[in-house]
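I'd like to ask some things about the structure below.
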Amino acid sequence: MNSVPTWNRCVKKMPFEPKLQSTLTCPHCGHAKLETMPTDACQWYYECSACHTLLKPETGDCCVFCSYGSVPCPSVQVQQQQQQQ
Ligand SMILES: [Zn+2]
C-alpha cells in the first residue's frame, strides 16, 4: 500500500523543509492572521478577514506572503537558502 501523502507529489525536491505558515499583517488595519501557504502555487490575492481589503503583492514580490507575511513563500525560501550556500 502506498502511504505517501498526496501533498508530497506536488512539492519539488527541496534541500530543506520550507516553513508553510506565515503571519499575514494587513497594511490597512494592522490585523494579523496566521495562514498556511500553498506549496504548489503562489497566492496572489488575499482578503483581510478584518477590513476585507483585497491585498495584492507589492511590485517585485511574487505573492502576498512575500509582501505582507512574516515568512516569505516556500519558493522564495528555497531561493534564499540556495543563495546562502
Ligand atoms: Zn485589514
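Coordinate-derived values only; no laboratory data. This one's a predicted model, so the numbers in the text were calculated from it and none came from an experiment. Positions of Cβ are generated from backbone atoms using ideal geometry, with glycine treated the same way; all protein chains shown enter the neighbour counts.
Based on this model, can you work out whether CYS48 counts as free of Cβ contacts under 8 Å to residues at least 40 places away in the same chain and not aliphatic (A, V, I, L, M)?
Answer is yes for this residue.
Where residues in the range 55-68 are away from the ligand (no atom under 14 Å from the Cβ) and not polar (S, T, N, Q), which of them is nearest to the chain's Cα centre (by Cα)?
Of all residues in the range 55-68, those away from the ligand (no atom under 14 Å from the Cβ) come to 57-63, 65-66.
Right, trim to not polar (S, T, N, Q) and you get 57-58, 60-63, 65-66.
Values: PRO57: 11, GLU58: 14, GLY60: 15, ASP61: 11, CYS62: 10, CYS63: 7, PHE65: 5, CYS66: 7 Å.
Step by step, filter the range 55-68, then rank; the result is PHE65.
Looking at the range 12-54, which of its residues are within 15 Å of the ligand (Cβ to nearest atom), in a loop (DSSP other than H, G, I, E, B) and loosely packed, with under 15 Cβ neighbours inside 10 Å?
PRO27, HIS28, CYS29, GLY30, HIS31, TYR45, SER49, ALA50, CYS51, HIS52, THR53
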